[in-house]
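Notes follow the structure.
The values are calculated or read from the model by the stated rules, or taken from the named source; none is laboratory data. Small disclaimer: the values here were computed from a predicted structure and weren't measured. Every residue, glycine among them, receives a Cβ derived from its backbone with ideal geometry; neighbour counts consider all protein chains shown. Accessible surface areas use protein heavy atoms only, side chains included; no ligands, DNA or RNA. Shrake-Rupley method; radii C 1.70, N 1.55, O 1.52, S 1.80 Å.
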Amino acid sequence: MSVISEKIQEILAYAKSRLEESNEAGDVNDMRVRLLGKSGELTSLLRSLKDIPPEERPTIGKLVNEARDSITSMIELRLAFLKRLELERKTRDERIDVTLGGKGVARGSYHPCTLVREEILRVFISLGFSVEQGPEIESDYYNFQRMNMPKDHPARDMQDTFYITPDVLLRTHTSPVQARVMDKSKPPIRVVCPGKVYRPDDDATHSPMFQQVEGLVVDKDITLCDLKGTLECVAKELFDSKTKIRFRPSYFPFTEPSVEVDVTCPVCHGKGCRICKGTGWIEVLGAGVVNPEVLRASGIDPDVYSGFAFGMGVERIAMIKYGIPDMRILFENDVRFLSGFKEEI
Amino acid sequence: MKVTLNWLKDFVDIDITAVELADRLVNTGFEVEEIIDQRAAIKGVVLGRIESIVRHPDADKLVICKVDVGSEVLQIVTGASNIAEGDVVPVATDGAVLPDGKRIKSGKLRGVASCGMMCSGEELGLSESDYKGAGVYGILIMNGEDKALGTDINDVLGYDDVILDVAVTANRGDCNSVLGIAGEVAAILNKPLKMPDLSFSADKASKTGDYVSVSVKDKQLCPRYMAAAVTDVKIAPSPEYIRRRLKAVGIRPISNLVDITNYVLTEIGQPMHAFDMRDIDGGKINVRRALDSEKIVALDGKEYTLSSDMLIIADAAKPCAIAGVMGGENSGIREDTQGVIFESAKFARDSVRRTSRGLGLRSDSSARYEKGVDCSLQEIGVRRALHLVQELGCGVIAQDMIDVFDNKPKARRIETSLSRINGILGVDVPADEAVRILAALRIQVERDGDKIVCIPPEGREDLENVNDLAEEVIRFYGYDKIDGTLMEKGKQTVGGKGLRIADTDLVKRLCVAAGYNEILTYSFVSPKMCDVLMLPEDDALHSSVELLNPLGEDVSRMRTTLAYSIISTLASNYLKSIHTARLYEVAGVYYDKGAELPEQSERLALGAYGKDEDFYTVKGVIENIMRAFGIDAAYERSTLPYLHGGRSADIVAAGGKVLGYIGEVHRDVSAAFNVEERLYIAELDIDMLHKYARRKYVFEQVSKFPPVERDLAIVVEEDVSAAKIIAAIKKAGGGLLKEVSVFDVYRNKLLLGEKKSVALNLVFRADDKTLTDADISSRMDRITEKLHSELGGVLR
């Protein structure tokens, strides 16, 4: 009996050492045949049981079966190990340079003026304003007369104008859209009108074509304080939450009282710097309480309703916001400049 | 409007500095563009007298002077030769600063100490008209001065004023005068406004009517005309204070009579004209419209041809002045003038403006009239002028000035309430404070509790309604007292963009996602655009809108297509050696269709170049946009002249409406922009996309049964398009054929000759059963037959 048991130990030791040396799944399978196959060593051992006294057979049989199970499990483990090795090798072989660029198209960009315009519109939309557009080539009637500027009004000199005919022109502001809105809707009106406007100026801070966002509120009990609160909201959103605004008296034919609106310089926050010419303030827009004549011309009773209006230049705000020194850069359309603007609308 | 501090002080007590005053003016709506302190330019220059002159021991051209400057005697070395002992001269002492910024220091000249410099007129910034002798080359000799030696030269020259350049807004015509600004200053300082001295005594022996009669033919254009005669005129220079003030505000002094008219214009804001009495033929002044092609030589020496919409001042025989614009050369003041007729009139603002523009002739007078002169100023103006004639002793004033003034405007009454004013402002201005402010602006206020009735002063034509009053109150109460509120009393409204604007945003988002950079180009283009794009003469793109007053010929037409702009932007990037570009723009195009306003629509333009770009990359972007709008578009070969004939397509919606195009730019066009690379562009009408959009989702049951796929390759002639093959297959395939797509196009001259082989994938599916081979093969037979009969296609 001890002879057989020794033999079993021998086989187990042999299997263990051979398996540890096998680096191919084929070798492992060869081992399985050699040890556990029909004419394998362990199988032969089992056959030789008939030569053993019957009372010892169960014990020996158990030992042989345990050895078989042990070898089977060693083989499985080895195969799993080899499989994992193989996968690791493959993974290693399939390594790529992850620093190379991705496929598919790189995202493009929005023009900075679009970004600024949309940012302004977002604030106003959140305050209940709807967005309206109108024609860029306008009648003198909507552009001037409805804005309390009859022909030969001296304030027309404030806005030099491109004319198509004596009665048709390139709009000098988006105010005519407001007149068109008042024609088709009744108060309460809260509307913002973005769009291109035209004036014959061309230098570092003026372009013959530029974009405006103008707005109009007509309702009962609207005050100059409401204008200030609304514009404060926009200024804080556009620049930063510490931004303050101030009113300076001014004149526009379509508003009364009229104000120029300054914001604290977004660069120095009011301390005074090169951008704000040391004043701490930057002029960004014009505004005021809607002139009763403008309401009356639109069929709205100024004794019942009041309102405010404002207008800002998108290019000018873009220049302040992004630190662009010359307005003409915005119209150069150099891809390298344009690609720098990452924001979404 | 330039005013001086001293001039303002004639009318209001000012006890703050010019800088403080400027600040207060800004806060009440008058931008002060410049503050010029006359004394700031010259510092440390005093009056001195040359006591002795000796030769310099080591220099032939230099002399050594002893100069008495009151407190001491300075030794000064100079090279000037126009000086003599006893001459009074300006002396720049050690540390002095001259108008050009030059600083004078003591030093040695050829070994001899020199403690200052004697100045020339030029070095003090003076010309001959500023000071007699200032134009001479050499030291300025001031022997006529009687001021003590050592007196600051600014005091000698009368430089004791500060000039404020005030921007006056278009509504405040009344503030285009010293008196007008003084009125605001009085309100700012809450002090009374002193009126100018208008007194004079007339000669009992003569009347204006003895010399001239006035007839106003057009009272629309001339609501008021005053005339006053002055005889025994002595033309001479004006006194120094008038000359200095005029120079300070930028007007050249000429002679007493002319200076008086300019002084009154600046001080009162009333343009005046003085006619030489001798030149008024028949003693008749006719204010009338000019005859067509009537001519006049104006004071500028140029001849102007008038028209019947212009107002003139004529005598019995000829035009003597263009009303409100400029006098005639034939009747102006001369050296030997002995009698004058002063004109002080109100001419209609629009008429002066039109005439001035029409003739291309502007003057201080026309500029002033264009800003609005009210009916109260004519009398103040003429009386002030006569007062000055008397003060200067330059003539004898006739009695009974003529005043043609038929329709006196009624005083305006604004009836409202203090609570209404506060309601506009949103600020509780105390009632007494509001009334005080209005009264300080010389507005008559009758108050009955909350109710007020306001009568503005005559000059304030801008005060028409309660909003105007509210502005006056807040201007002086202070804009800093306005606190922001958020329309708490207003009705809540729903904000947002309509679908049309949202569609533009969608197009932009798709373009950005596809890698395109947004550009911004001018709406105006050159008329050469049509030639560059090789458009035939009858092309619709020619019907562009033209500007009457463009900034230049190359920006004189409103564009009818974005093609030109996108191509030139691609070109400008290409020429900067940028190797790839993908650009887009959303902008308007404008067509003159004969209506009052041109037709305007919004377009998208795409443009691209670079090694990975071709027709299909641009088409991919367009297709994506079409998918987003649910539009099933067809792509048909395009005939646009500026595109490559074989590589361009019109984008056509169901029903044949052309929405735009895609294509490679014609080589001749890109060559015109000096571009050698292939450029690809596309244009889409966004208004049409919006109109043809089909974006409503309709639920459709997805089939549970598996599809059956078949591939087929068909050999056809080169000009049989994929679209035609697919259409034929779909027609023959029946309802079970769900999808057809091309997966390969194969050309091989040896195997196929000039033909091509197109490989397609077909997907059949039924909603109610699994399809069998039998179901498919009959359909495939029909398809093959159709491809053969319709397109001459042969299975490969």
Item checked: Pairs of lysine residues in the range B:499-692 - Cα separation under 27 Å, sequence separation of 8 or more or cross-chain -> 15
Notebook entry, point to check: How many percent of the accessible area of chain A is carbon or sulfur, using a 1.4 Å probe?
Noted result: 52
Notebook entry, point to check: Using a basic spin-label model with each label point 7 Å from the Cα along Cα→Cβ, how many nm lie between B:R500 and B:Y616?
Noted result: 3.8
Check: In percent, what relative contact order does chain B have, based on Cα pairs under 8 Å that are 6 or more apart in sequence?
Finding: 8
Next item on the list: Report the full-extension gain for the segment B:S777 to B:A113: residue separation times 0.36 nm, less the Cα-Cα distance, to one decimal in nm.
Entry: 226.9 nm
Notebook entry, point to check: Among the lysines, which fall within straight-line cross-link reach of B:K738, defined as a Cα-Cα distance under 20 Å, with same-chain neighbours fewer than 8 residues apart omitted?
Noted result: B:K704, B:K724, B:K730, B:K769, B:K786
Checklist line | Share of alpha-carbon pairs per 5 Å distance bin for the range B:372-497, given as whole % | finding: 2, 8, 15, 15, 11, 10, 10, 8, 7, 5, 3, 2, 1, 1, 1, 0
Next item on the list: Mind pulling the angle between the C-alpha long axis of helix A:112-126 and the longest principal axis of chain A? Nearest 10 degrees, somewhere in 0 to 90.
Entry: 80
Notebook entry, point to check: In the full protein assembly as shown, how much of B:E677 is accessible to a 1.4 Å probe, in Å² to the nearest 10?
Noted result: 60
Notebook entry, point to check: In bins 10 Å wide, starting from 0, what share of all Cα pairs of the range B:414-477 does each bin hold, as a percent?
Noted result: 23, 65, 12
Next item on the list: For each cysteine in chain A, check whether another cysteine's C-beta sits under 4.7 Å from its C-beta; list those where none does.
Entry: A:C113, A:C193, A:C225, A:C233
Checklist line | Accessible surface ranking that places the most exposed of A:D334, B:D450 first, with a 1.4 angstrom probe | finding: B:D450, A:D334
Item checked: Accessible area per residue, Å², the protein assembly as shown with all protein chains present, probe 1.4 Å -> 46
Check: Within straight cross-link reach of A:K151, meaning Cα distance under 16 Å, which lysines are found once same-chain residues fewer than 8 apart are removed?
Finding: B:K371
Note to self: Would any residue of the range B:307-326 have its amide N under 15 Å from a label point 7 Å out along Cα→Cβ of B:D300? List them or say none.
What the structure shows: B:322-326
Item checked: Per residue, the convex hull volume that the Cα atoms of the range B:499-692 enclose (Å³) -> 126
Checklist line | Crossing angle, helix B:466-477 versus chain B [Cα axis fit, 0-90 degrees, rounded to tens] | finding: 70
Note to self: Nearest 10 degrees is fine. How inclined is helix B:563-574 to the longest principal axis of chain B, computing both from alpha carbons?
What the structure shows: 80
Check: What ranking of A:E138, B:E85 comes out by heavy-atom accessible area, probe 1.4 Å, highest first?
Finding: B:E85, A:E138
Note to self: My understanding is that a pair violates if its Cα-Cα distance is over 23 Å; which of B:K207/B:K234; B:K217/B:K318; B:K9/B:K410; A:K244/A:K321 do that in this structure?
What the structure shows: B:K9/B:K410
Next item on the list: Sort out for me the Cα centre separation of the range B:221-245 from the range B:444-493, rounded to whole Å.
Entry: 41
Next item on the list: About the Cα centre of the protein assembly as shown, how large is the charge dipole given +1 on each Lys and Arg Cβ and -1 on each Asp and Glu Cβ? Please answer in debye to the nearest 20.
Entry: 3200
Next item on the list: Calculate the mean, over all residues of peptide A:288-300, of how many other protein chain Cβ atoms lie within 10 angstrom of the residue's Cβ.
Entry: 2
Next item on the list: In Å and from the alpha-carbon atoms only, list the Rg and Dmax of the range A:112-338.
Entry: 17.2, 55
Next item on the list: Name the residue farthest towards the positive end of the dipole of the range A:51-131 from the options A:G104, A:L121, A:L79, assuming +1 on Cβ of Lys and Arg, -1 on Cβ of Asp and Glu, about the Cα centre.
Entry: A:L121
Notebook entry, point to check: What value, in deg cm²/dmol to 500, does the helix sum -39500 (n - 2.57) over DSSP H runs of n ≥ 4 give at 222 nm once divided by the residues of the protein assembly as shown?
Noted result: -9500 deg cm²/dmol
Item checked: Protein heavy-atom accessible area occluded, A/B pair - total, 1.4 Å probe, Å² -> 7100
Check: aspartates and glutamates within cross-link reach of A:K38: Cα-Cα under 18 Å, excluding same-chain residues under 8 positions apart?
Finding: A:D27, A:D30, A:E66, A:D69
Next item on the list: Averaging over all projection directions, find the projected area of the Cα convex hull of the range B:156-238 and quote it in nm² with one decimal place.
Entry: 10.5
Next item on the list: Can you check what the net charge comes to around A:I222, using other residues whose Cβ is under 13 Å from the Cβ of A:I222 (Lys, Arg +1; Asp, Glu -1)?
Entry: +1
Note to self: Normalised radius of gyration for the protein assembly as shown, please: alpha carbon Rg relative to 2.2 N^0.38 Å, two decimal places.
What the structure shows: 1.43
Margin query: Can you give me the solvent accessible area of B:S127 with a 1.4 Å probe, rounded to the nearest 10 Å²?
Written below: 50
Check: Could you sort A:E332, B:E683 by accessible area so the largest value comes first, with the probe set to 1.4 Å?
Finding: A:E332, B:E683
Next item on the list: Of all alpha-carbon pairs in chain B, indicate the percentage at a distance above 38 angstrom.
Entry: 66
Margin query: Which entries of A:K220/B:K451; B:K43/B:K108; A:K242/B:K191 have Cα-Cα distances beyond 28 Å here?
Written below: A:K242/B:K191
Check: Once you put a point 7 Å from the Cα of A:D303 and another 7 Å from the Cα of B:D292, both along the Cβ direction, what distance in nm separates them?
Finding: 4.9
